[in-house]
Amino acid sequence: MSSSKASAVTPGPGLSRLLTVDDSFAGSQNFSADRARHLCGELEAGHIVFLPVPPVAISQEDRALLLGRKQTSSAYHKNIAYRPAEDRITGLDASEQAEADSLRRILREFSKRSVEFLTGFLAPYAGKWKLDYASYRPIEEEGRPARLHARNDLLHFDSFPTRPTNGARIFRFFVNLNPTKSRVWLTSETFEAFGPRFAHAGNLLEKAGGNQLTRGIRFLARTLHLPFSSRPPYDEFMRRCHNAMKEDAAFQENTLKNRWEFPPHSAWMVFTDCVSHAVLSGQYALEQTFQIPQAALVAPQKSPLALLEKIGGHPLTL
Ligand SMILES: O=C(O)CCC(=O)C(=O)O
Ligand SMILES: [Fe+2]
């Protein structure tokens, strides 16, 4: 990287690296087009961009409100999601409605500031992304009970069961709000290193793509502009891959891993569809998700969609 303000740690081929950018808080006027493109390329290849100083301001008052919630809301067990398109929050219990307005305001502002920052920082994506949900994550992740497929302490690539991306990529921006504790992640091999192996094993790609008949029906439906309500084969594959990874105890145990600690007040961003990741511990984080379409990528040929279509030899989107 040409900028003196970034450094990379290289843990090994096929594994995600960490790139530290320590002048991001200075404002997006600092980011040249070359630099933004370079960062997009690193992210798309499965690396983590780490910002020791978060570029998104959150006032002391709002921080206190978010951190104070846990003590006041004993019935609280879930993440809170914010849907920017509807300006709506979900995940609150009936007893928590009194806090709904201030939470919505805080998440709306976080979402807006994340977009403003990333518009300059990752300019190639600006305006082309689909703004997905933001979330507040107030629960301690260590020992958090969850169904196997919902466990985030097991390595996985992200796939949204209810929001298929149809080949667009899942990009996430996190801020650790915890005043004293790091958020701890594991990462392993990237999708490029590991996905194709997985696609071959267990005929996962075959199963996701359907047989020739389903492919034929899908083609016909598309040609005739008929609605065909199946999950796109790409999302079907990514979902199956996500589940299979979590079900595979030997993989979880034996795969090469790197451990990352994101300290209090730091931020990081990652394409979670190609960085195999697990969160081991940490409490109180904010997160904003974006779907980045193929057309906005700087290296679309390296996207999980392109890699899978090359292996499968047929389109995986609808
Ligand atoms: O909350 C985190 O740190 C990451 C959890 C995760 O893997 C996810 O939300 O998909
Ligand atoms: Fe995840």
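Points to keep in mind about this one:
- Rel. contact order, % - alpha carbon contacts under 8 angstrom, at least six apart, region 6-312: 31 percent
- Ranking of Cys241, Cys40 by count of other Cβ atoms within 10 Å, fewest first: Cys40, Cys241
- The amide H of Arg88, built 1.01 Å from its N in the peptide plane, has Arg83 as neighbours under 5 Å, considering only residues 5 or more places off or on other chains.
- Label separation (Ala33 vs Asp248): 4.2 nm, computed from points 7 Å beyond Cα along the C-beta direction.
- If the segment from Ser102 to Glu261 were pulled out straight at 0.36 nm per residue, it would be longer than the present Cα-Cα gap by 54.3 nm.
- Two-site label geometry, Arg231 and Thr90: point separation in nm, points 7 Å out along Cα→Cβ: 1.6 nm
- Amide H contacts under 5 Å for Ser276, placed H, 5+ residues apart: Ser188, Phe191
- Of all lysines in the structure, those lying under 28 Å Cα to Cα from Lys112, and not within fewer than 8 positions of it along the same chain, are Lys5, Lys70, Lys78, Lys128, Lys130, Lys181.
- Karplus 3J(HN,Hα) series, Hz, for region 254-265 with 6.51 cos²θ - 1.76 cosθ + 1.60 (x for Gly, Pro): 9, 5, 4, 9, 10, 10, 10, 10, 9, x, x, 6
Quick note: the coordinates plus some simple rules give every number you see, no bench work behind them. Just so we're clear, the structure is a prediction, and the values are computed from it rather than from any experiment. Counting neighbours? That spans all protein chains shown, and the Cβs are built from the backbone with ideal geometry, glycine included.
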